[in-house]
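Asker: For reference, the structure I am asking about is given below.
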Amino acid sequence: MRRDWICARKNYTLVVLALCLLQHHLHVSILLVEATSEVHIVYLGGKKNDDPASTKKFHHQMLTTLLGSKEAAYKSIIYSYKHGFSGFAARLTESQAEAIAEFPGVVQVIRNRIHKLHTTRSWDFIGIHQHLSGNLLTKSMGKGTIIGLIDSGVWPESKSFNDEGMDPIPTHWKGICQQGEHFNSTNCNRKIIGARWFGKGAIEHFKNLNKTNTVVDFLSPRDGIGHGTHTASTAAGYFVKRVNYRGLASGLARGGAPLAHLAIYKACWAFEGCTDADLLKAFDKAIHDGVDILSLSVGNVTPLFSYVDQRDSIAIGSFHATAKGITVVCSAGNDGPISQTIVNTAPWLITVAATTIDRVFPTAITLGNNHTLWGQSVDIEKHKHGFVGIIYSERIALDRTNDSAKDCQPGSLNATLASGKIVLCFSKSDQKDIESASNTVQEAGGVGLIFAQFPNDGLASCDIPCIRVGYEVGTQILSYIRKARFPIAKLSDPKTVIGKWVSPRVASFSARGPSSMTPEVLKPDIAAPGVDIIAAFRPRDTKHINGYALLSGTSMACPHVAGIAALIKSAHPNWSPSAIKSSLVTTASQTGTDGTSISAEGLTRKEADPFDIGGGHVDPNKAIDPGLIFDASTEDYIQFLCSLGYSSASITRLTKTNINCITKTHGVNLNLPSITIPNLKRTATVTRTVTNVGHINSKYKALVQAPPGIKMTVEPQTLSFNITTQILPFKVTFFTTQKLHGDYKFGSLTWTDGEHLVRSPIAIRVIGFESYNDV
């Protein structure tokens with residue numbers, strides 16, 4: 001029975017043992033491979049033919065030529081990429097990798113690298129209400145669409161993946177339900193219609209590092225860490241009533257497209273993250289299987305690789321997916337609020353920033369002088385001590401010669417003085433470390449933690465009550481401690497409060513633009529809820545089949561947009577990925593619940609700009625009917641790559657189509673729903689083309705909000721559509737007399753017919769140095 005193994009956690013397979021079992025099962029003799037061999041990816045670009053068997057045979061022939069025998073080739077290869085593009089992953093020494101790089105048709109050979117994961121109320125908050133049935137969004141609920149998740153797998157027993165009320169599996173689906181450890185065909189249904197797992201790249205990397213690790217994971221699509229389960233249920237989880245996180249945030253849990261189907265591609269592992277080899281294989285199979293949307297809460301770190309460099313496996317895989325009509329949605333990264341930290345910046349991707357929602361968990365701190373202050377916490381039913389002593393961490397430092405006790409670093413507190421008390425700690429940096437501080441306090445015998453820190457979004461649970469406060473509240477508590485002879489305090493349970501805090505705000509951790517790779521492409525594209533999101537999770541203990549967790553990160557924002565993309569695809573099945581992206585960007589909101597501009601949390605709070613939120617905060621009800629769209633084809637993206645200076649030959653190897661880069665098109669003219677000019681000197685003209693998807697006979701007028709200090713004109717100022725004219729171009733000219741090198745300034749261009757507002761965000765930087773080229 002399905003529960004048999006759940007009740008025996010002690011029998012969970014340790015990764016170190018699983019590696020041996022997998023090697024035995026695959027008949028792979030690691031001893032026969034040179035000690036210096038590593039997994040390398042041999043990328044051959046687009047497919048030469050549509051026969052996967054012939055492509056795979058060609059890969060084996062190439063390896064046989066290199067290694068001298070079919071047997072050696074068989075033992076070396078771990079993946080053959082043969083559906084969306086051509087290439088393979090194999091164990092090669094450095095000299096073998098250098099040799100095969102010289103073979104005809106090889107675009108690039110690179111070492112396998114690691115990528116990291118970007119780790120209910122939210123759907124109501126952004127306007128998708130279950131009880132409303134008057135629009136296209138709530139009528140379809142994503143019916144007929146397939147969302148692929150490339151992540152850490154899924155926990156299929158969760159009620160969020162119940163297939164009650166689901167339509168039959170779409171006829172265009174060609175995937176499978178791959179078996180593995182504690183996962184078989186019965187774990188798939190009409191909700192989870194397919195699942196695969198790809199671990200060879202991670203396992204090889206793990207082995208070569210000579211690690212011994214007892215982190216639990218499963219050699220199957222089953223989720224060992226919960227991240228993939230959370231993102232999958234956020235995108236397309238079915239309706240589950242009375243869900244809560246330990247009594248908080250109670251309500252109906254559901255995904256954005258609850259009637260969409262899910263395809264799970266496990267390429268991320270508890271013991272090693274996500275490798276290029278596994279990610280590329282997941283892309284390859286997803287393209288073959290027939291998904292409509294792909295969601296990846298995974299990313300690189302800066303410095304970024306070029307889009308034709310195999311080391312950016314997400315850019316390469318997503319290019320081929322987009323060329324097949326698959327909309328790919330990615331997280332922006334969690335290295336904010338620093339500028340230029342955004343990842344997943346390719347123009348064919350939808351890159352998602354994270355924001356807060358209007359739900360908070362206020363927690364009362366009552367001092368001995370009867371003064372009550374407020375913080376936030378998710379630790380419920382732990383605050384049972386009543387009034388107890390409260391002390392400042394620096395007063396109980398083990399070593400008073402350094403300040404490690406100030407933020408409660410490990411081993412910094414005197415256990416005799418901390419025992420039985422609430423400890424107040426002050427963070428010394430903008431890095432969230434409340435969990436580490438709570439462990440320090442607990443190990444010293446403390447019964448509670450108040451952690452004063454730089455504004456940082458996302459709450460963490462602790463083993464003892466821990467409450468996060470700002471420096472202002474922390475200082476007030478410290479003033480009380482210093483004045484009182486015997487300071488005491490009581491920590492109350494947190495409460496769930498909805499609609500009382502201004503929202504959304506851009507999360508402090510959300511990575512920021514501009515793109516360090518292609519600043520002429522505005523990133524992020526869009527913002528969505530990503531702070532304290534409740535969704536399905538692997539159970540926290542053996543007594544439960546279902547688990548739900550509150551998580552924060554752009555990882556959580558990404559599947560929100562993937563779910564909305566599925567809703568749009570269901571309503572408009574013929575729309576291209578760029579059309580779906582355009583509809584999201586041009587209809588997004590820049591206004592918070594208080595009617596003022598959305599703010600961005602960072603070193604200082606400020607008004608959010610396009611490098612924080614792209615077009616704005618996602619508005620699915622408007623995105624379903626955008627009026628106009630900015631469409632772009634694979635050929636447009638190819639010409640964009642030409643504009644970056646890549647040779648025709650290198651792009652031809654990427655696409656396996658004959659490319660001629662003789663056109664003088666500049667990158668700023670890629671038909672995006674935004675305009676970014678990173679090096680304006682005097683004047684520049686940008687062209688765009690819009691397609692009418694609204695009323696056949698309509699007239700749109702231009703509304704210009706020029707960036708400060710820049711003159712901006714639009715030609716023509718009116719676009720008239722009729723039954724024979726549904727696509728029209730326009731030009732935008734920017735002019736400045738500024739002589740100094742400046743920073744980015746922001747504006748917008750909005751087309752309106754009185755019903756629709758089609759808004760393009762604009763970012764312009766004036767260059768005052770002669771060494772910079774004109775646009």
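Asker: Look through the stretch 397-435, keep the residues that are at pLDDT below 90, of a type in the set (Ser, Thr, Tyr) and surrounded by fewer than 17 Cβ atoms within 10 Å (Cβ to Cβ), and return whichever of them is farthest from Ile365 (Cα to Cα).
Answerer: Restricting to residues being at pLDDT below 90, of a type in the set (Ser, Thr, Tyr) and surrounded by fewer than 17 Cβ atoms within 10 Å (Cβ to Cβ), the top hit is Thr401.
Asker: Go through Thr302, Thr275 for me and flag whichever is of a type in the set (Val, Ile, Thr), surrounded by fewer than 22 Cβ atoms within 10 Å (Cβ to Cβ) and either over 27 Å from Pro573 (Cα atoms) or out of contact with any helix residue (DSSP H, G or I) (no Cβ under 6 Å at 6 or more places or on another chain) (or both).
Answerer: Thr302
Asker: Just checking, does the stretch 669-682 include any residue being surrounded by fewer than 20 Cβ atoms within 10 Å (Cβ to Cβ) and out of contact with any strand residue (DSSP E or B) (no Cβ under 9 Å at 6 or more places or on another chain)?
Answerer: No, the stretch 669-682 contains no residue that is surrounded by fewer than 20 Cβ atoms within 10 Å (Cβ to Cβ) and out of contact with any strand residue (DSSP E or B) (no Cβ under 9 Å at 6 or more places or on another chain).
Asker: Follow-up question, since we're still on this one. Any residue in the stretch 50-58 that is modelled with pLDDT under 85, part of a loop (DSSP other than H, G, I, E, B), surrounded by fewer than 16 Cβ atoms within 10 Å (Cβ to Cβ) and not acidic (Asp, Glu)?
Answerer: Within the stretch 50-58, not a single residue is modelled with pLDDT under 85, part of a loop (DSSP other than H, G, I, E, B), surrounded by fewer than 16 Cβ atoms within 10 Å (Cβ to Cβ) and not acidic (Asp, Glu).
Asker: Follow-up. Tally up the residues in the stretch 631-642 that are of a type in the set (Gly, Ala, Ser) and open to solvent by 40 Å² or more (accessible area, probe 1.4 Å), please.
Answerer: Selection size over the stretch 631-642: 1.
Asker: Enumerate the pairs (first residue in the stretch 574-587 and assigned to a helix (DSSP H, G or I); second residue anywhere and among the charged types (D, E, K, R)) with beta-carbon separation below 6 Å, excluding pairs fewer than 6 apart on the same chain, so at least 6 apart or on different chains.
Answerer: Going by the 6 Å Cβ cut-off, the qualifying pairs are Ser578/Asp631; Ala579/Asp631; Val585/Asp525; Thr586/Arg759.
Asker: Now a separate question. Starting from the stretch 247-270, take each residue that is closer than 20 Å to Thr145 by Cα and open to solvent by 10 Å² or more (accessible area, probe 1.4 Å) and list its partners that are part of a strand (DSSP E or B) and of a type in the set (A, V, I, L, M), counting only C-beta distances under 8 angstrom and pairs at least six apart or across chains.
Answerer: Taking only residues 6 or more apart or on different chains, the pairs are Arg254/Val240.
Residue by residue, here is whether (1) crowded, with 17+ Cβ neighbours inside 10 Å; (2) among the charged types (D, E, K, R); (3) within 28 Å of the chain's Cα centre (by Cα) holds:
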{"residue": "Glu472", "(1), (2), (3)": "no, yes, no"}
{"residue": "Ile477", "(1), (2), (3)": "yes, no, no"}
{"residue": "Arg485", "(1), (2), (3)": "no, yes, no"}
{"residue": "Ala489", "(1), (2), (3)": "yes, no, no"}
{"residue": "Pro494", "(1), (2), (3)": "yes, no, no"}
{"residue": "Lys500", "(1), (2), (3)": "no, yes, yes"}
{"residue": "Val506", "(1), (2), (3)": "yes, no, yes"}
{"residue": "Thr518", "(1), (2), (3)": "yes, no, yes"}
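Asker: Still on this model: Give me the residue from the stretch 599-628 that is small (Gly, Ala, Ser) and either in contact with a helix residue (DSSP H, G or I) (Cβ under 9 Å, 6 or more places away or on another chain) or assigned to a strand (DSSP E or B) (or both) and, out of that set, most open to solvent (accessible area, probe 1.4 Å). Working first, answer last.
Answerer: Just the residues of the stretch 599-628 that are small (Gly, Ala, Ser), to begin with: 599-600, 602, 608, 614-616, 623, 627.
Checking which are either in contact with a helix residue (DSSP H, G or I) (Cβ under 9 Å, 6 or more places away or on another chain) or assigned to a strand (DSSP E or B) (or both) leaves us with 599-600, 602, 614-616, 623, 627.
Numbers: Ser599: 26, Ala600: 1, Gly602: 6, Gly614: 4, Gly615: 1, Gly616: 0, Ala623: 0, Gly627: 0 Å².
Result: Ser599.
Asker: Only one of (1) among the charged types (D, E, K, R); (2) surrounded by fewer than 23 Cβ atoms within 10 Å (Cβ to Cβ); (3) within 24 Å of Gly474 (Cα to Cα) fails for Arg359. Which number is that?
Answerer: Just one mismatch for Arg359, condition (2).
Asker: So which strands (runs of 3 or more DSSP E) are wholly in the stretch 308-401 and hold at least 1 residues that are among the small types (Gly, Ala, Ser) and more than 21 Å from the chain's Cα centre (by Cα)?
Answerer: Hits in the stretch 308-401: 362-367, 372-376, 388-392.
Asker: Which count do you get for residues in the stretch 59-77 that are open to solvent by 10 Å² or more (accessible area, probe 1.4 Å) and closer than 28 Å to Lys324 by Cα?
Answerer: Here the count works out to 4.
Asker: Can you name the condition, by its number, that Pro707 falls short on among (1) open to solvent by less than 20 Å² (accessible area, probe 1.4 Å); (2) out of contact with any Phe, Trp or Tyr (no Cβ under 8 Å at 6 or more places or on another chain); (3) not in a strand (DSSP E or B)?
Answerer: (2)
Asker: Out of Asn370, Asn344, I need the residue that is among the polar types (S, T, N, Q) and open to solvent by 20 Å² or more (accessible area, probe 1.4 Å). Which one?
Answerer: Asn370
Asker: In the stretch 571-596, what residues are open to solvent by 30 Å² or more (accessible area, probe 1.4 Å), farther than 25 Å from Gly144 by Cα and in contact with a Gly (Cβ under 9 Å, 6 or more places away or on another chain)?
Answerer: Passing the criteria: Ser589, Gln590, Thr591, Thr593.
Asker: Against the condition of a type outside the set (A, V, I, L, M, F, W, C) and within 26 Å of Trp501 (Cβ to Cβ), how does Asn370 come out, does it pass?
Answerer: yes
Asker: Which pairs have Cβ atoms under 9 Å, sit 6 or more apart or on different chains, and link a residue in the stretch 549-572 that is among the charged types (D, E, K, R) to one that is open to solvent by 10 Å² or more (accessible area, probe 1.4 Å)?
Answerer: Every condition considered, the pairs that remain are Lys569/Gly144; Lys569/Asp292; Lys569/Trp575.
Asker: For the stretch 142-185: of the residues being among the charged types (D, E, K, R) and part of a loop (DSSP other than H, G, I, E, B), which is modelled with the highest pLDDT?
Answerer: Going through the qualifying residues, I end up with Lys174.
Asker: Please name all residue pairs, on different chains or six or more residues apart, with Cβ atoms under 8 Å, provided the first residue is in the stretch 735-757 and is more than 25 Å from Ser720 (Cβ to Cβ) and the second residue is assigned to a strand (DSSP E or B) and basic (Lys, Arg).
Answerer: Filtered contacts from the stretch 735-757: Phe735/Lys711; Thr736/Lys711; Gly742/Arg765; Asp743/Arg765; Tyr744/Arg765; Lys745/Arg765.
Asker: Restricting to the stretch 219-269, what's the tally of residues that are charged (D, E, K, R) and either in contact with a Phe, Trp or Tyr (Cβ under 8 Å, 6 or more places away or on another chain) or over 16 Å from Phe537 (Cα atoms) (or both)? First the steps, then the outcome.
Answerer: Residues of the stretch 219-269 that are charged (D, E, K, R), as a first pass: 222-223, 241-242, 246, 254, 266.
Okay, now just the ones that are also either in contact with a Phe, Trp or Tyr (Cβ under 8 Å, 6 or more places away or on another chain) or over 16 Å from Phe537 (Cα atoms) (or both), so 222-223, 254, 266.
Qualifying residue count for the region: 4.
The values are calculated or read from the model by the stated rules, or taken from the named source; none is laboratory data. Just so you know, these numbers come straight off a predicted model, no measurement behind them. Note that we place each Cβ from the backbone using ideal geometry, even for glycine, and neighbour counts take in every protein chain shown. The accessibility values were calculated without ligands, DNA or RNA, using every heavy atom of the protein model including side chains. Shrake-Rupley method; radii C 1.70, N 1.55, O 1.52, S 1.80 Å.
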